[in-house]
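Please read the structure below before turning to the comments.
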Amino acid sequence: MRRKKEYLTISELAELNHISTDTLRYYDKIGLFKPEYVDEFTAYRYYSFAQSEKISTILELKRLGLSLDEINQYMRSRDVESTKELLGNVRKNLKERIAELKKTEKMISKKIELLEQAKEKWEGEIRIQEMPERTVISTGEYIELLQEGIYQQLRLEALLGHRISTYATNKIGALIDPASLMDEERRALRRCAMLIVDKEDRKILRKLDPKYVKVLPAGKYLCVSGYGRFQYSSELAETIRNYVWNNKLRITGEIVEQELIDMSITDKIEENLHKIEVPVEG
């Protein structure tokens with residue numbers, strides 16, 4: 001039997017490297033890191049002091065994002081050139097991850113800014129604003145039921161492969177048939193789900209069927225915001241109708257409903273905040 005004092009037990013090696021003994025057993029099982037010898041009577045694993053360097057390298061590579069298969073392949077045959085190549089690939093991957101993290105941080109900062117701005121919206125106060133041209137994707141199918149509208153929204157996000165973040169943004173909403181808002185005999189709004197596409201998301205449109213893409217023209221819009229749900233019978237809808245009639249305005253296109261604060265942010269309907277934009281002339 002070899003002298004055990006010349007070796008580290010599995011517990012000692014695990015403690016020195018802040019890992020579990022189960023991890024070392026698993027590395028042994030997959031052939032990544034085997035003990036120097038195993039006692040034939042007790043089945044205890046023993047590691048040489050020289051192996052400490054090897055397990056440290058394995059753990060460092062794992063922290064750098066390499067898979068166990070990649071580490072295993074590298075550790076079986078490594079030299080200066082293979083190490084340079086490995087580190088070059090790691091650096092490339094890190095740069096890509098940093099760029100993605102910066103993009104995510106920027107997106108989160110924008111979400112926080114939008115939530116802060118949403119609180120300052122002028123509830124119930126109508127303003128005529130010049131709005132820029134915007135690109136949206138839409139199902140193009142008008143519906144009246146809320147549940148169908150939610151299903152439409154899910155379909156849109158699926159069409160985009162969930163590559164556009166809609167959580168805590170003002171991208172999500174609906175296009176409203178103006179006739180359903182202004183017709184006194186109707187009691188329900190006809191909507192079709194839509195997503196506003198920002199400049200950074202335009203490249204996604206290249207792979208999308210053109211029938212889902214629509215351009216909202218620049219021009220004058222009657223703009224107003226309100227809390228709760230926007231419905232035909234709501235006070236805000238009545239305010240819009242009266243303003244259009246009293247000022248002899250003509251609605252020139254689909255009405256835009258943007259969800260500034262929606263159910264993804266709050267469970268309280270009274271905290272839901274929407275902005276209505278009605279393209280007008282006159």
For this session: Evaluate region 182-193: report whether one residue or more is open to solvent by 50 Å² or more (accessible area, probe 1.4 Å), at pLDDT 85 or above and part of a loop (DSSP other than H, G, I, E, B).
Result: yes
Problem set entry | Hey, residue 169 modelled with pLDDT of 80 or more and surrounded by 14 or more Cβ atoms within 10 Å (Cβ to Cβ) or not | no
Exercise. In region 22-49, what residues are of a type outside the set (Phe, Trp, Tyr), out of contact with any strand residue (DSSP E or B) (no Cβ under 9 Å at 6 or more places or on another chain) and farther than 16 Å from residue 76 by Cα?
Worked result: 22, 23, 40, 42, 43
Exercise. If you take just the helices (runs of 4 or more DSSP H) that sit entirely in region 1-74, which of them hold at least 3 residues that are farther than 27 Å from residue 88 by Cβ?
Worked result: 10-16, 21-29
Exercise. Which ones in region 210-222 are in contact (Cβ under 8 Å) with a residue 24 or more places away in the chain and on the phi < 0 side of the Ramachandran plot?
Worked result: 211, 212, 213, 214, 215, 216, 217, 218, 220, 221, 222
For this session: Among the numbered conditions (1) among the hydrophobic types (A, V, I, L, M, F, W, C); (2) part of a helix (DSSP H, G or I); (3) surrounded by 12 or more Cβ atoms within 10 Å (Cβ to Cβ), tell me where residue 230 comes up short.
Result: (2)
Problem set entry | Search result, residues across region 75-100 that are under 28 Å from residue 9 (Cβ atoms) and in a helix (DSSP H, G or I) | 75, 76
Seminar exercise, completed: Scanning region 101-130 for residues that are outside any loop (DSSP other than H, G, I, E, B) and small (Gly, Ala, Ser), the one modelled with the highest pLDDT turns out to be 109
Exercise. When region 11-56 is examined, which residues are found to be of a type in the set (D, E, K, R), under 22 Å from residue 69 (Cα atoms) and open to solvent by less than 30 Å² (accessible area, probe 1.4 Å)?
Worked result: 28
Exercise. With respect to residue 239, is the statement that it is over 30 Å from residue 110 (Cα atoms) and open to solvent by less than 70 Å² (accessible area, probe 1.4 Å) true?
Worked result: yes
For this session: Filter region 205-227 down to the residues that are part of a helix (DSSP H, G or I) and surrounded by fewer than 18 Cβ atoms within 10 Å (Cβ to Cβ), then identify the one that is nearest to the chain's Cα centre (by Cα).
Result: 205
Exercise. Could you give every pair whose Cβ atoms fall below 8 Å, whose first residue belongs to region 31-52 and is more than 12 Å from residue 6 (Cβ to Cβ) and among the hydrophobic types (A, V, I, L, M, F, W, C), and whose second residue is assigned to a strand (DSSP E or B) and open to solvent by less than 30 Å² (accessible area, probe 1.4 Å), counting only separations of at least 6 or pairs across chains?
Worked result: 38/46
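The values are calculated or read from the model by the stated rules, or taken from the named source; none is laboratory data. Bear in mind the structure is a predicted one, so any value in this text is a computation, not a measurement. As a convention, Cβ positions derive from the backbone with ideal geometry for all residues, glycine included, and neighbour counts pool all protein chains shown. Protein only, heavy atoms only, side chains kept; ligands, DNA and RNA dropped before computing areas. Shrake-Rupley method; radii C 1.70, N 1.55, O 1.52, S 1.80 Å.
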